[in-house]
Amino acid sequence: EPPVMASSNVIIGSGNAWAAGYEGTGWTVAVLDTGVDKTHPFFATRSKVVSEACYSSTMKSQKSTSVCPGGVAASTANGSALNCPLDVDGCAHGTHVAGSVAGDDRTGPEFGVARSADIIAIQVFSSFDSTVLGGPGHAPCALSYVGDQIAGLERVYELRDVFNIAAVNMSLGSGNYTDPADCDADEEARKAAIDTLRSAGIATVVASGNSDSRNTISTPACISSAVSVGSTTDGDSVSGFSNVADYLDLLAPGSSITSSIPGGGVSTWSGTSMATPHVAGAWAILKEKAPAADVATILTALRDTGTPVDDKRSTGTVTDMRRINVDLALSEFDSSFPEFESDPEPGSNIDFGQVLPGTVSDALAVQVNNLGDAELTVECAVSGGEAEMFEVVQCPESVSAAAGDRVLVNCQPSEPGEFSASLDLATNDSDENLVAYPLLCAGSSDSLFRDSFELQEVN
């Protein structure tokens, strides 16, 4: 029986990461490819495709035709990133890749690596009616212009504040480069787009290519600021088709990977295109645990915890490449969690004392101290009891590492009596995700609120 996602996920430790509570929840991966069949059970169980775009070119000189809806050159409309027509060779590719990133039909056994993450689907291919480009028996075929890819990368950057985007997956490429400096020089435009995303904390994860090269990788994987990915077998050998080079970033399983295809089924494919989404999915898992980690930090974690692999193919010379272990990489961020401390202690009573009805108490403070080395996020709410008598007048949205801030609460009783509620602080601290403080306020009667009084004239 051939290896499937069920086995490749075991190899890279996805199941262990899920068991620890990390599935890429709250994070999104952009898939720049041939579009995604968002009605497939891998994506339709909870509408995992959260944004769509299409960039595709019609050029008579190249015999290419746009596959965007209506033949337009660009669209961000709903449905614009559905998979391109299946009579065009290669148009099932994007659905397969997206399934390996984040597919989840809630039954398995095949799941994407980040099975709770979402997908931004961006279609960047065009239909080429040429046997010269597609090869005999492969016309029409799906190929991608660099300009359309750049438009797709720029669209991801535009969405950076709309979604938590962990990575871009680009399972595409051409050519071969031995030296990343030469690649950078030839790829200034694509590199600029990748650099911009990297500055925003978004990794561009790219397939190394399937030319069976022992010392080169394809472009745009060869760009120095991209994250290049080669393929291994389930036995941790370099796949026979995979490009590798001494500057390759990572390896992941890419031989005989079963994932989604348009129409609701699955199929088993091989290629660095199949390895790359394992890394993009792992990126979403790691961002869930360490949301502030930059691209270099996550790449280092994956490399430092990766399984060493040497290229033992004939004439292979590259050694000590690293096949990812997402579960082990998670442990690299244990010390990077915020460490939360407060005064008073969580669960202790905060007593406002006596307050005149209709007046506002002086604000009482909860001091929030972040003892860790990563940003602490804070959300404040009052719940239960007579919550309407209490108001949070200051709540820090975040507390920097090794810093502190205060939560301020007022009480304003509308009538005499004793009132209670709970101040709830939700944080991104792994040990104290939600802490509560009982609130107590006594509204005391006062002559200001007598039903009647005698008006006296001033002599």
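For region 305-317, putting each phi into the Karplus relation 6.51 cos²θ - 1.76 cosθ + 1.60 with θ = phi - 60° gives couplings of 9, x, 7, x, 9, 9, 7, 9, 5, 4, 6, x, 10 Hz, in residue order, rounded to whole numbers and with x for Gly and Pro. Taking a Cβ cut-off of under 9 Å around residue 441, the surrounding Lys, Arg, Asp and Glu residues balance to a net charge of -3, with basic ones at +1 and acidic ones at -1. When shorter helices are ignored and each DSSP H run of at least 4 residues is given -39500 (n - 2.57), the per-residue value for the chain at 222 nm works out to -6000 deg cm²/dmol. Its Cα centre serving as origin, the chain has a Cβ charge dipole (Lys and Arg +1, Asp and Glu -1) of approximately 2440 debye. Here the contact order of region 115-247, divided by its residue count and restricted to Cα pairs under 8 Å and six or more residues apart, works out to 20 percent.
At most 13 other Cβ atoms within 10 Å plus a DSSP loop assignment makes a site exposed; report the longest stretch of the chain without any exposed GluC sites (Glu not before Pro). The longest such stretch corresponds to 1-396. So which of 289/312; 38/63; 191/287 end up more than 26 Å apart, counting from Cα to Cα? 289/312; 38/63, as the Cα separations exceed 26 Å there. Averaged per residue, what accessible area in Å² does region 169-246 show with a 1.4 Å probe, protein chains only? In whole numbers, region 169-246 has 33 Å² accessible per residue.
By DSSP, the beta bridges lying fully in the chain are antiparallel in about 60 percent of cases.
Shown for the chain: cysteine residues without a partner Cβ closer than 4.7 Å, namely 141.
Given a 1.4 angstrom probe, I'd like the percentage of the accessible area of the chain that is carbon and sulfur, rounded to a whole number. Answer for the chain is 47 percent, counting heavy atoms of protein chains only. Surface analysis of region 388-451 yields an accessible area of 53 Å² per residue, using protein heavy atoms and a 1.4 Å probe. In a DSSP loop and with at most 12 other Cβ atoms within 10 Å, the trypsin sites (Lys or Arg not before Pro) in region 14-70 are 46.
Per residue, the Cα convex hull of the chain amounts to 201 Å³. What the phi angles of region 338-350 give under the Karplus curve with 6.51, -1.76 and 1.60, with θ = phi - 60°, is a coupling list of x, 10, 8, 9, 9, 9, x, 5, x, x, 7, 7, 9 Hz, glycine and proline written as x. Once the C-beta distance of residue 313 and residue 179 is scaled by a Förster radius of 25 Å, the resulting FRET efficiency is 0.70 to the nearest 0.05.
Descending by average beta-carbon neighbour count within 10 Å, the peptides 80-87, 202-209 line up as 202-209, 80-87, the highest first.
Among residues other than residue 328 whose Cβ falls under 15 Å from its Cβ, what is the net charge (Lys/Arg +1, Asp/Glu -1)? Present the calculation step by step, with values, prior to reporting the outcome.
Details: positive: 289, 303, 322, 323; negative: 236, 304, 327, 332, 334.
It works out to a net charge of -1.
The per residue volume of the convex hull around the alpha-carbon atoms of region 236-285 is 94 Å³.
The local environment of residue 174, defined by Cβ-Cβ distances under 13 Å, has a net charge of -1 under the rule Lys, Arg +1 and Asp, Glu -1. Using C-alpha pairs below 8 Å separated by at least 6 residues, the relative contact order for the chain is 14 percent. Per the Debye formula on identical point scatterers at the alpha carbon atoms of region 62-126, with no solvent, log10 I(q)/I(0) at q = 0.17, 0.19 Å⁻¹ is -0.67, -0.79. Coupling constants for region 375-381 follow from the phi torsions by the Karplus curve (6.51 cos²θ - 1.76 cosθ + 1.60, θ = phi - 60°), and in residue order they are 5, 9, 9, 9, 10, 10, 7 Hz; glycine and proline get x. Annotation: amide H-H contacts under 5 Å for residue 217 (H modelled 1.01 Å from N, sequence separation of 5 or more, or interchain): 177. Per residue, the convex hull spanned by the Cα atoms of region 247-349 measures out at 151 cubic angstrom. Determine the shape class of region 118-262: with a ≥ b ≥ c the square roots of the Cα gyration tensor eigenvalues, call it rounded for a/c under 1.5, and otherwise prolate if a/b is greater than b/c, oblate otherwise. It comes out rounded by the Cα gyration axes.
The values are calculated or read from the model by the stated rules, or taken from the named source; none is laboratory data. The structure presented is a predicted model; accordingly, all values stated were derived computationally and were not measured. A quick note on method: Cβ atoms are made from the backbone with ideal geometry, for glycine too, and the neighbour counts reach across all protein chains shown. Side chains are part of the model used for accessible areas, which takes the heavy atoms of the whole protein and leaves out ligands, DNA and RNA. Shrake-Rupley method; radii C 1.70, N 1.55, O 1.52, S 1.80 Å.
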